[in-house]
Amino acid sequence: MRYLIVLFLSLSLGACVDRTVSEVVPAAATIGTPKTVFASTTRAREPDGSYGFKRGETLQFLETTVSIPPTHTPGTLKFSYADPNPQKEFVLASVTELDGSQGLREHLRGQDDVTIFVHGYNSTQTETIFRAAQLTHDIGIPGSILVYSWPSRATGFGYAYDLDSMLFARDGLEQTIRELKSMGVKRVLLVAHSMGSALSMEMMRQAELQEPGWAKRNIEGVVLISPDLDVDLFRSQMGRIKNPPDPFIVMVSRKDKILNVSARLRGTAEGERLGNISSIDTLEEFPINVIDTTAFNRDAESSHFVAATSPALLAILSSIRRVNNTFGPNERPAIDVLVPPSERNQAGATEIVLTETGQAEVSTP
């Protein structure tokens, strides 16, 4: 019964505001710190110019500018759906529709690094753009950031719709990566959250069926954050992706309440999804790093997105990034260098348990 209560609360809270409103305030760019966020989307364009939950037939590209408020503190994401305050909130300062992939090519010419952020269930396009801006700003990820905005229903009761949309959006994500590589982008990093992780895995699996080795050739690294994904399904997908991108990172938290509900609603008695597994024994043959962030659940605003909402964890990741940049160009994600390769399991999975002091305790099955 308590799982149904949690679900009911999510439906009630989601109905309190109109999340389709996305005001653009050009003056905000002179108040906060401007951050460029590109987008590729399979959402259909509405008559008013917005991109909602309907599924589009073609891939669209956008360039946006997000104003990060002067009062922003790491791990927080404050914004309004109407009358935003640039002094205190994330605000869209501009939205420009690009002329297809050629328009994106012109804006990314000469760019070596692009990080693609794939959102999860119950997300609007603007919320996704804000979250990507916040996460990259707080960690200091180099290069350009691009969100892949798939047509989520963006309501608490839209889970089934989102599952279908997630599968619908596989081709668009694959096309986005192919376009970036054709432009000469050297390194594409794929970062996915929640249901977006299922989308990313399905996309890589289908590409591998057509071109074995495609994922490793085209993606520099994969980071799955709180993946809302069945463990058996993940094993099946990894079995097809025989030589996955390196690094391949799965960030988990054993106190992820949302994933516990997701598992229970699916009839999984143990209440486990990939993002809240308690042991990596079932993943031991795969060359992946599983990073346990449970210790940072206490100061995180969301137990389902600890990597983006824990100030303590963000400070650690940001510090690692700054050190790497000081000693030379770093082509790998900050979270990949928490543990030197020499300390990892070279033949399979490595579990990295992070402590609140920033220590990394390494174990293998």
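Just so it is clear, none of the values below were taken in a lab; they were calculated from the coordinates. Since this is a predicted model, take the numbers as computed values, not measurements. No Cβ is skipped: glycine too gets one built from the backbone with ideal geometry, and neighbour counts run over all protein chains shown.
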Inset, instruction - Per residue of the stretch 288-299, in order, report the coupling 6.51 cos²θ - 1.76 cosθ + 1.60 (Karplus, θ = phi - 60°) as ³J(HN,Hα) in whole Hz, putting x for Gly and Pro. - result: 10, 10, 9, 9, 8, 9, 3, 5, 9, 5, 4, 9
Inset, instruction - Search the structure for amide H atoms under 5 Å from the amide H of Ser149, placed 1.01 Å from N in the peptide plane, and list their residues when 5 or more places away or on another chain. - result: Ser40, Thr41, Thr42
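Among rounded, prolate and oblate, which fits the stretch 85-206 when a ≥ b ≥ c are the square roots of the eigenvalues of its C-alpha gyration tensor, a/c under 1.5 means rounded, and a/b larger than b/c means prolate? Don't skip to the answer; put the middle values down first.
Values: a/c = 1.68, a/b = 1.10, b/c = 1.52.
It comes out oblate by the Cα gyration axes.
Please compute the length gained on full extension between Gln175 and Lys54, using 0.36 nm multiplied by the number of residues separating them and subtracting their Cα-Cα distance. Spell out each step's value before the answer.
Values: separation 121, 0.36 × 121 = 43.56 nm, distance 1.91 nm.
Taking Gln175 through Lys54 to full extension adds about 41.6 nm, to one decimal.
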Legend entry - Amide H contacts of Leu229 (H built 1.01 Å from N, under 5 Å, at least 5 apart or other chain): Leu274, Gly275
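Assuming R0 = 30 Å, can you tell me the calculated FRET efficiency for the pair Thr357 and Gln87, based on Cβ-Cβ distance, to the nearest 0.05?
Details: r = 35 Å, r/R0 = 1.15.
Using R0 = 30 Å, I get an efficiency of 0.30.
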Inset, instruction - Report, in debye and to the nearest 20, how large the dipole of the stretch 9-120 comes out about its Cα centre when Lys and Arg carry +1 and Asp and Glu carry -1 on their Cβ. - result: 260
Legend entry - Integer Hz, Karplus 6.51/-1.76/1.60 couplings in order for the stretch 54-60, x for Gly and Pro: 6, 8, x, 8, 10, 7, 10
Inset, instruction - Restricting to the chain, compute how many DSSP beta bridges are antiparallel as a %, nearest 5. - result: 40
Legend entry - For Glu285, distant residues with modelled amide H under 5 Å away: Ala349
Inset, instruction - Please work out whether the chain counts as rounded, prolate or oblate from its C-alpha gyration tensor, where a ≥ b ≥ c are the square roots of the eigenvalues and a/c under 1.5 means rounded, while otherwise a/b larger than b/c means prolate and anything else oblate? - result: rounded
Legend entry - Backbone HN-Hα couplings from phi across the stretch 262-267 [Karplus 6.51/-1.76/1.60, Hz, Gly and Pro as x]: 4, 5, 5, 5, 8, x
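How do 239-247, 287-295 rank on mean C-beta neighbours within 10 Å, highest first? Don't skip to the end; give the middle numbers.
Numbers: 239-247: 16.8, 287-295: 22.1.
Listed from highest to lowest mean packing, they are 287-295, 239-247.
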Inset, instruction - Grab the Cα-Cα distance for Glu211 and Gln111, subtract it from 0.36 nm times how many residues apart they are, and report the gain in nm with one decimal. - result: 33.4 nm
Inset, instruction - Could you work out how far apart the two model spin labels at Thr71 and Arg298 are, taking each label as a point 7 Å from the Cα in the direction of the beta carbon, and quote it in nm? - result: 2.8
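Please give the FRET efficiency for Thr30 paired with Arg235, using the beta carbon to beta carbon distance and R0 = 56 Å, rounded to the nearest 0.05.
On the way: r = 51 Å, r/R0 = 0.90.
E(calc), rounded to 0.05, equals 0.65.
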Legend entry - By average C-beta atoms within 10 angstrom, highest first, the peptides 354-362, 85-93: 85-93, 354-362
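Among the lysines in the chain, how many pairs, 8 or more places apart or on different chains, have alpha carbons under 13 Å apart? Don't skip to the end; give the middle numbers.
Details: Lys78/Lys88; Lys181/Lys216; Lys186/Lys216; Lys216/Lys242.
Step by step, the pairs that qualify in the chain add up to 4.
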Inset, instruction - Between Glu97 and Leu167, take the C-beta separation as r, use R0 = 25 Å, and let me know the FRET efficiency to the nearest 0.05. - result: 0.45
Inset, instruction - For a quick protection proxy, order the peptides 300-313, 100-113, 167-180 by their average other-Cβ count within 10 Å, most packed first. - result: 300-313, 167-180, 100-113
Inset, instruction - Using the Cα centre as the reference, give the magnitude of the dipole from point charges on the C-beta atoms of the stretch 2-363 (Lys, Arg: +1; Asp, Glu: -1; all else neutral), rounded to the nearest 20 debye. - result: 80
